[in-house]
Amino acid sequence: MRTVIVGGSKFGVATAEQLIDKGHEVVLIDKNRQKLEDLSQRLDCGMIHGDGSSPKILREAFASEEDVLIALTNASDGNILTALTARSVGFGRVIPQIIEAELLEVCVELDLKDTITPHVTVARSLCRALEEETELARDTNLTGDLRLLRVTVMAKQEGCALSDLDLPDDCRPVALLKDDHEKFADADVTLSEGEEILFAVRSEKVRELKALFAAT
């Protein structure tokens, strides 16, 4: 799997560094040739000079339908266009960064549900830390071997109880979420298609858990 990052911003570069450190194949796309030349001294990844919303450029970066594209420029509308173009090229997952909150509804209408909203996320974490009198470094983010993962209940799980699911070891359901409503994930709760389940799961079991909730 290849991760293509559009935008050599500080966020884009930091994301590339994290992925490279974990052994992922990364390709960085940016319009600024000099920036790419400078970054080539510190990033061990592929680099393409050009417009990341261009089908020609994205086809050059594309390797397989398992590839992920992350649009991290500072222009939300450009990131949306890039994500849509990448989807048409064949990328298996597209993730645009959305800075303007009013464009989130547009993303929903375009079925771009996998978005990054850094300003909203940071503001929410700050507000929670102030209300709960906790340190920001001790917020709900998990930084060790555990991950928080949201999955969507499929038609095949409609009417099942959580206890009926053949969940991987080292995986714990935390909450059920639907239409901005949340409740604890009790073992006997009946599942409905379309609602989401938040799990705490060890990183090596993430793929197994996702496979359980795959469409096919």
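The values are calculated or read from the model by the stated rules, or taken from the named source; none is laboratory data. Model, not experiment: these values are computed from the prediction. In this analysis, Cβ positions are derived from the backbone assuming ideal geometry, glycine residues included, and neighbour counts consider all displayed protein chains. Note: areas computed on protein heavy atoms with side chains; ligands, DNA, RNA excluded. Shrake-Rupley method; radii C 1.70, N 1.55, O 1.52, S 1.80 Å.
Let me have the 222 nm mean residue ellipticity of the chain computed from DSSP H runs of 4+ only, each contributing -39500 (n - 2.57), with the sum over all residues rounded to the nearest 500.
-9000 deg cm²/dmol
Ordered by residue, what ³J(HN,Hα) values in Hz, to whole numbers, does the range 67-74 give under the Karplus form 6.51 cos²θ - 1.76 cosθ + 1.60, where θ = phi - 60° and Gly and Pro are x?
Rounded to whole hertz, the list is 5, 10, 10, 10, 9, 10, 6, 8.
Nearest 10 degrees, 0 to 90: what angle lies between the long axis of helix 118-132 and the longest principal axis of the chain (Cα atoms)?
Helix 118-132 sits at roughly 40 degrees to that axis.
Springs between alpha-carbon pairs under 10 angstrom, Gaussian network model over the chain: which of Thr190, Thr73, Thr15 fluctuates most?
Judging by the Gaussian network model, the answer is Thr190.
Give me the one-decimal Kirkwood hydrodynamic radius in Å for the chain, with the sum taken over alpha-carbon pairs.
In the chain this quantity evaluates to 19.2 Å.
Mind checking the angle between helix 76-89 and the chain's longest principal axis? C-alpha axes, 0 to 90 degrees, to the nearest 10.
90
What is the angle, in °, between the Cα long axis of helix 10-21 and the longest principal axis of the Cα atoms in the chain? Nearest 10 is fine, range 0 to 90.
The angle comes out at about 70 degrees.
For the range 1-91, what does the accessible surface come to per residue with a 1.4 Å probe? Please give it in Å².
Dividing the accessible area of the range 1-91 by its residue count gives 52 Å².
Take the cross-link list Lys10/Lys35; Lys183/Lys205; Lys56/Lys210 and give me the ones stretching past 21 Å between alpha-carbons.
Listed pairs above 21 Å: Lys183/Lys205; Lys56/Lys210.
Test of understanding: extend the Cα→C-beta vector of Asp145 to 7 Å, then name every residue of the range 164-185 with backbone N under 20 Å from that spot.
Inside the label zone: 167-174.
Need one number: % antiparallel among DSSP beta bridges in the chain, to the nearest 5.
Taking every DSSP beta bridge within the chain, about 50 percent pair in antiparallel fashion.
Quantify, in whole percent, the carbon and sulfur part of the accessible surface of the chain (1.4 Å probe; protein heavy atoms only).
Solvent-exposed carbon and sulfur of the chain make up 49 percent of the total.
For the range 14-66, what value does the Rg/Rh ratio take when both radii are computed over Cα atoms and Rh is the Kirkwood radius, given to two decimals?
On the Cα set of the range 14-66, Rg over Rh gives 0.97.
Order 179-187, 17-25 from most to least packed using the mean count of other Cβ atoms within 10 Å.
So the peptides 179-187, 17-25, ranked by packing, come out 17-25, 179-187.
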